[in-house]
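These notes concern the structure reproduced below.
The values are calculated or read from the model by the stated rules, or taken from the named source; none is laboratory data. Bear in mind the structure is a predicted one, so any value in this text is a computation, not a measurement. All Cβ positions, even for glycine, are placed from backbone atoms using ideal geometry, and neighbour counts span all protein chains on display. In case anyone asks, the SASA skips ligands and DNA or RNA and just uses the protein heavy atoms, side chains included. Shrake-Rupley method; radii C 1.70, N 1.55, O 1.52, S 1.80 Å.
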Amino acid sequence: VLSFRAVESQSEGQCTPVDSLWRRYSEFELLRNYLSVTYPHIVVPPLPEKRADFVWHKLSADNMDPDFVERRRIGLENFLLRVASHPVLCEDKIFYSFLTQEGRWKEMVNETGFQLKADSRLKALNATFRVKNPDKRFTELKHYSDELQSVISHLLRVRARVADRLYGVYKVHGNYGRVFSEWSAIEKEMGDGLQSAGHHMDVYAASIDDILEEEEHYADQLKEYLFYAEALRAVCRKHELMQYDLEMAAQDLTSKKQQCEELATGTVRTFSLKGMTSKLFGQETTEQREAKIKVLEEQIQEGEEQLKSKNLEGRDFVKSAWADIERFKEQKNHDLKEALISYAVMQISMCKKGIQVWTNAKECFSKM
């Protein structure tokens, strides 16, 4: 459950927004599903993981673990900031009601009928189809998103192994502290130096918990783009489905034109069951043929309009989608660069702390 404060200026005739709201994870899922269906050309920001994944075994994978719950809260807050900073999504009325209204926003979502669109689109996306003339840019983008997901997954696994080893190194320093402390109890002249060195080791060993918690925040930054890869693929899949619909409409129109031509000329260029029936039971009358031609001509006119509409819709989709993909790429490059630099700085800082601990221990030993 996430609680947040809605800060919004009040306009004339507008209800006063509530001071704070409670939202469950499932409500965030509903909001994101609505945005994905309503804005198919947009790379919709992903939600943080519902259950802990890519964790190293010293950390709890319990969904109710306080540290995990807090990181997920930060992730949900980041999702809201992503949507609020998007030039298109930030203007959505449902998103505004999600931020400002307690329960009415769910009714508004249902009134949009987005779920029916989502169900029909899901069936279409799950259907097996093959586009004859795929857009090369979207094909390459789909491959890129697959590779990005693979690389980040591998990076997260490597990080988990490094964190595990680092944890072991730090905790062993705690053993140094215990041994030095025990040793100091039997030494008169060396006791103070050993005791001080042991203290430095204990402090160093205890610092690993905060460090690894910071590492988990870095991992969460990578996981966001792990999930963004799926959002990219979703846009590619929607374009593929749109292209498939366009090709099917063009094929259907060509078929109807051919049928109309065959009826008008009385020649059959392709084998059909109807053609065989005509040969077996006799030709249609002139009136029947003209009636069929008239129906086909109406269907052809309607099909041409639909094809024109689908072509325009497809061009608009590509234009809008590619603009948003370029925006996403710029955001991705900036965010991942900052995350990797922060991780490097953190590692350097940890190494400096280790050097300082052993420098302090060296001074303790020198004074004995």
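One residue stands out among those in region 233-253 that are out of contact with any Lys or Arg (no Cβ under 7 Å at 6 or more places or on another chain) and open to solvent by 50 Å² or more (accessible area, probe 1.4 Å): the one that is farthest from PHE138 (Cα to Cα), which is ASP252.
Is it the case that some residue within region 231-248 is under 23 Å from LYS352 (Cβ atoms) and small (Gly, Ala, Ser)? So far as region 231-248 goes, no, none of its residues is under 23 Å from LYS352 (Cβ atoms) and small (Gly, Ala, Ser).
With the requirement that a residue be open to solvent by less than 20 Å² (accessible area, probe 1.4 Å) and among the hydrophobic types (A, V, I, L, M, F, W, C), what does region 204-219 give you? Let's see the steps before the verdict.
Here is the first cut: in region 204-219, the residues open to solvent by less than 20 Å² (accessible area, probe 1.4 Å) are 205, 208, 211-212, 215-216, 218-219.
Scanning region 204-219 gives ALA205, ILE208, ILE211, LEU212, ALA219.
When you look at LEU99, is it assigned to a loop (DSSP other than H, G, I, E, B), modelled with pLDDT under 90, more than 16 Å from the chain's Cα centre (by Cα) and surrounded by 15 or more Cβ atoms within 10 Å (Cβ to Cβ), yes or no? No, not satisfied. For the condition touching a Cys at 6+ places or on another chain (Cβ under 8 Å), open to solvent by less than 70 Å² (accessible area, probe 1.4 Å) and part of a helix (DSSP H, G or I), ILE293 qualifies. If we scan region 73-87, do we find a residue that is in a loop (DSSP other than H, G, I, E, B) and either at pLDDT below 85 or of a type in the set (Ser, Thr, Tyr) (or both)? No, region 73-87 contains no residue that is in a loop (DSSP other than H, G, I, E, B) and either at pLDDT below 85 or of a type in the set (Ser, Thr, Tyr) (or both). Of the listed requirements (1) in contact with a Ser or Thr (Cβ under 9 Å, 6 or more places away or on another chain); (2) over 30 Å from ILE208 (Cβ atoms), LYS294 misses just one: (1). The residues in region 352-364 that are touching a residue at least 24 places away in the same chain (Cβ under 8 Å) and either open to solvent by 70 Å² or more (accessible area, probe 1.4 Å) or basic (Lys, Arg) (or both) can be counted, and the count is 1. Within region 180-203, the set of residues being of a type in the set (A, V, I, L, M) and open to solvent by 70 Å² or more (accessible area, probe 1.4 Å) comprises ALA185, ILE186, VAL203.
If you check ARG159, ARG130, which single one turns out to be of a type in the set (Lys, Arg), closer than 30 Å to VAL43 by Cα and not assigned by the TED database to the domain that holds ALA234? It would help to see each step written out before you state the result.
Values: ARG159 fails: not assigned by the TED database to the domain that holds ALA234.
Step by step, each of ARG159, ARG130 is checked, and only ARG130 is of a type in the set (Lys, Arg), closer than 30 Å to VAL43 by Cα and not assigned by the TED database to the domain that holds ALA234.
Once region 123-149 is narrowed to residues that are open to solvent by 100 Å² or more (accessible area, probe 1.4 Å) and modelled with pLDDT under 80, the residue that is nearest to LEU21 (Cα to Cα) is LYS123. Residue count for region 333-351, restricted to those that are more than 22 Å from the chain's Cα centre (by Cα), surrounded by fewer than 11 Cβ atoms within 10 Å (Cβ to Cβ) and either within 13 Å of LEU166 (Cα to Cα) or among the charged types (D, E, K, R) (or both): 1.
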